[in-house]
1. For segment 136-147, indicate whether the set of residues that are buried (at least 16 other Cβ atoms within 10 Å of the Cβ) and more than 29 Å from residue 27 (Cα to Cα) is non-empty.
2. Count, please, the residues in segment 43-60 that happen to be surrounded by fewer than 16 Cβ atoms within 10 Å (Cβ to Cβ) and assigned to a helix (DSSP H, G or I).
3. Could you list, in sequence order, the residues of segment 42-84 that are of a type in the set (Lys, Arg) and modelled with pLDDT under 85?
4. Among the candidates 179, 221, which residue alone is at pLDDT 95 or above, surrounded by fewer than 19 Cβ atoms within 10 Å (Cβ to Cβ) and more than 28 Å from residue 304 (Cα to Cα)?
5. Assess whether residue 219 counts as being farther than 30 Å from residue 137 by Cα and not in a helix (DSSP H, G or I).
6. Provide a single number: the residues in segment 113-138 that are polar (S, T, N, Q) and modelled with pLDDT of 85 or more.
7. For segment 226-257, give me each residue that is among the hydrophobic types (A, V, I, L, M, F, W, C) and buried (at least 19 other Cβ atoms within 10 Å of the Cβ).
Amino acid sequence: MSIDQPKVITKKQAQKQIGYFGNSLIWYIIAFTLLYHGTDFLYRYYPQIFRTYDHHMMMLLFAILAMIVLTAIPFRLTNKKLSLKIRDYLKKPKIPTDRKISIICIGIGISLLTTSIASIFRFFLIANSQTASYLGQFNNTTNIINNILYICLFIIIKPICDEYIFRGIIQRQLGHYGRYFGVLGSAMLYAISSPSLSEAIPAFFVGWYLSLLTLKYHSIRPSIAVSITLSLFNWLLIVIPGNLIWIISILIVIVYIVSAFSIFSKRVSTNMVRYGATEWKLWKILLTTPSIIVCIILFLINDILAIII
């Protein structure tokens, strides 16, 4: 019987299914923990390891490789074990241009608002944040390469791979137990895959929104478009020269206006929670699955590392 067909399963069977993507998610978190915190740690205390190589460049190269390998091997095997028809989620839905703009603006607006709120946690925890001084700098070959690698990783590769992983596989599998549980559950796992609490907060709400889009259109194409545009917008916030910051200010105002208009005119659905999303039995199964427990522990370790390193 296909896993997509409705059927009754036991708690152990559900945890076994969750464990398939949970084990892959452990490797995902470990890989980026080592890259995010390990590279700077080694450069700070053992700079001789890098010799003449730029440590930012090495981190970006390994991150690109890790993202591709993780998506192509463990998560693809997970997809095969769970018999998920990911191709169904790759279809291009017919969305009017004005609605596409509305969808993207709401995504950016959610990110801007929640990132501002999350900055409070940075203040109280005094968490160290990764610096990327090379961004927007094109004064030498190393900086040019670093900028290109950054764009390839954070604006192209990671958004596509993350949507395949969290919306294509995780949300779809959790959605078998409850459609809206899949939305909220995948958003939670997307958040704990972040390197710190201050980044997990916006990741949760953005992930929630992206999951709702995927559910609505039965495709990860809209969420990929939003994720890529959002990454591009965040990159512009970093690299734009100080004398042109007014352009970003105007763009932010436009984003909020379009978002508010879309929500109040109900051009974009804003139903955030429906029946099944908060059903305790489902959450108990998810949160007591061994691999998910390990993911949560790794997230807590990341929070500690963000403070002390």
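The values are calculated or read from the model by the stated rules, or taken from the named source; none is laboratory data. Computed from a predicted model, the values in this text were never measured in an experiment. Using ideal geometry, Cβ is built from the backbone for each residue, glycine included, and neighbour counts are taken over all protein chains shown.
1. Within segment 136-147, one or more residues are buried (at least 16 other Cβ atoms within 10 Å of the Cβ) and more than 29 Å from residue 27 (Cα to Cα).
2. Final tally of qualifying residues: 6.
3. 44, 51, listed by residue number.
4. One residue alone meets the criteria, 221.
5. Judged against the criteria, residue 219 is a match.
6. Going through segment 113-138 one residue at a time, the tally reaches 3.
7. Within segment 226-257, 226, 230, 233, 255 qualify.
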